1. Helix-only estimate, please: 222 nm mean residue ellipticity of the chain, summing -39500 (n - 2.57) across DSSP H runs of length 4 or more and dividing by its residues, to the nearest 500.
2. Determine, for each peptide in 63-74, 134-145, the mean count of other beta carbons within 10 angstrom over its residues, then list the peptides with the highest first.
3. Given axes a ≥ b ≥ c from the Cα gyration tensor, I'd like to know whether the chain is rounded (a/c under 1.5), prolate (a/b larger than b/c) or oblate.
4. So for MET57, MET40, fewest C-beta neighbours within 10 Å to most, what's the order?
5. Toward the positive end of the charge dipole of the chain, about the Cα centre and with charges on Cβ (Lys, Arg +1; Asp, Glu -1), which of PHE135, TYR19, ALA83 goes farthest?
6. Neighbour counts of other C-beta atoms within 10 Å: give me LEU100, LEU91, LEU15 arranged from fewest to most.
7. Taking the Cα centre of the chain as origin, work out the dipole magnitude from +1 charges on Lys and Arg Cβ and -1 charges on Asp and Glu Cβ, in debye rounded to 20.
8. Nearest 0.05, what FRET efficiency do MET110 and ALA83 give at R0 = 22 Å with Cβ-Cβ as r?
Amino acid sequence: MSEAPAQPATQHAILANDYATQWMGIEVQEVADGHAVITMTLRREMLNGFGIAHGGMIFALADTAFALSCNHPEGSDDTITVASGADINFLRPGIPGRLLTATARRVSQMGRSGVYDITVTQSTEDGSSETVAEFRGRSRTVPRPAAR
């Protein structure tokens with residue numbers, strides 16, 4: 001008897017107290033060490049004065065996928081991995097009501113430093129998807145801060 005293939009995880013330890021992610025309505029589709037896929041519907045309060053996605057909302061979605069991909073889903077008692085820097089290229093406007101998807105993957109990990117690429121896409125009217133932004137994050141693993 002063969003075992004069913006493992007389903008991708010959809011839970012991550014760092015989300016328990018992540019109120020920004022909760023407010024944005026981000027849903028985890030899959031997460032593993034070095035990989036994450038998350039989604040968010042672009043709501044009215046996420047728009048700028050031109051009626052398109054505020055760049056900060058797209059950045060925040062990509063940054064969340066980055067954080068999920070560079071921290072183990074079960075968390076660590078000793079360390080956390082944080083951004084040491086990030087760049088984003090906005091390629092087309094985010095359209096209100098569309099589903100945005102951020103897909104993160106680890107490009108490189110050397111010691112305590114890593115590089116991750118995140119692609120943000122949006123659904124289109126015909127059911128396909130188009131790229132909205134490309135994000136590159138640089139990570140650093142550091143000791144977990146003492147509880148405050």
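1. Details: 2 runs with 22 residues, N = 148.
For the chain, the value works out to -4500 deg cm²/dmol.
2. On the way: 63-74: 22.6, 134-145: 15.7.
By packing density, highest mean first, the sequence is 63-74, 134-145.
3. Values: a/c = 1.73, a/b = 1.37, b/c = 1.26.
Prolate, since a/c reaches 1.5 and a/b exceeds b/c.
4. MET57, MET40
5. The residue sitting farthest along the positive end of the dipole is ALA83.
6. Numbers: LEU100 26, LEU91 13, LEU15 18.
Ordered by Cβ neighbours within 10 Å, fewest first: LEU91, LEU15, LEU100.
7. With only Lys, Arg, Asp and Glu charged at Cβ, the dipole is about 480 debye.
8. On the way: r = 16 Å, r/R0 = 0.74.
Calculated value: 0.85.
Read-outs throughout are calculated quantities, based only on the coordinates presented, and are distinct from any laboratory measurement. These figures come from a predicted structure and were not determined experimentally. Positions of Cβ are generated from backbone atoms using ideal geometry, with glycine treated the same way; all protein chains shown enter the neighbour counts.
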